[in-house]
1. Quick check: Cα centre of the stretch 107-139 to Cα centre of the stretch 68-86, how many Å?
2. Determine the gain in length on full extension of the stretch E66-D195; use 0.36 nm per residue of separation and subtract their C-alpha separation, reporting nm with one decimal.
3. Please arrange D206, D52 by how many other C-beta atoms lie within 10 Å of their C-beta, fewest to most.
4. Based only on other Cβ atoms within 10 Å, what is the fewest-to-most ordering of T72, T214?
5. Looking only at the stretch 32-148, where both bridge partners belong to it, what percent of the DSSP beta bridges are antiparallel (to the nearest 5)?
6. If you average 1/r over all unlike Cα pairs in the stretch 27-136 and invert the result, what Kirkwood radius do you get in angstrom?
Amino acid sequence: MKIIASILLLAFVCLAGCQSSPLPKDLHERPGGGWLVLERKFCTPLEARMIDAAERAMPARQQVHEAMQTATYKIVGAVPEEQFWYYSQCERLLLPYCLSRSAVDYYVRQARQDKDQPKLLYMATASYWPVFRLSDSYLYWLEGNVLVQPSGREDPPDDQEYSDVYVVQMLLRGRLSWTAERKILIMKSRVVVLDKTGKVLAVYGDGGDRNTLTMVE
């Protein structure tokens, strides 16, 4: 299974030859002596729009509130009235309930402000699938990742089949400062299934502690 995951990951990276869009520009920077890489890969304007739609998709406010109640690290202060992307706070650093555009922008700012060799990778790709199940996503099989359940990768509990769809696969991995002397590792993924008009049919990976891998150093 690791071989399959490696092949799919290679295919994901090889999409680098596919070009431009109205999306935010890719980033390759070295803030604080570390590295910051953001790449959005697509081959057509339609696929670019699918990534845009997937990054703008927001969870219901009530779902985020429920995750906040059981979070290991609690939010300090009031939360916004509108929909929001975070459910937890480790010292000064917010933790993501979902990989929305706002979440990605937030971690880019944090990496740029981090003076102690921050590391941040964000990748998103869009592709057309005649038939798609969650278990077809390389992200589901990626070691250490949490898309649906914290352990076990035999059969996803919701492996619904979708036909004639676009699928956006998103992954964020980072190592950022959460205090002056300590780091936190973050890993978050999202798989969004859309029809040809850009309507969101399903979102996998959103969630609180159960769906967000964090490790404090």
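Just so it is clear, none of the values below were taken in a lab; they were calculated from the coordinates. Remember, it's a predicted structure, so these values are computed and weren't measured experimentally. Neighbour counts are summed over all protein chains in view; Cβ atoms, including those assigned to glycine, are modelled from backbone coordinates with ideal geometry.
1. Rounded to whole Å, the Cα centres lie 22 Å apart.
2. Details: separation 129, 0.36 × 129 = 46.44 nm, distance 2.86 nm.
My answer for the length gained is 43.6 nm.
3. Values: D206 27, D52 21.
Ordered by Cβ neighbours within 10 Å, fewest first: D52, D206.
4. Working: T72 12, T214 18.
With the fewest neighbours first, T72, T214 line up as T72, T214.
5. Details: 4 of 11 bridges.
Roughly 35 percent of the beta bridges in the stretch 32-148 run antiparallel, per DSSP.
6. Working: mean 1/r = 0.0629 Å⁻¹.
In the stretch 27-136 this quantity evaluates to 15.9 Å.
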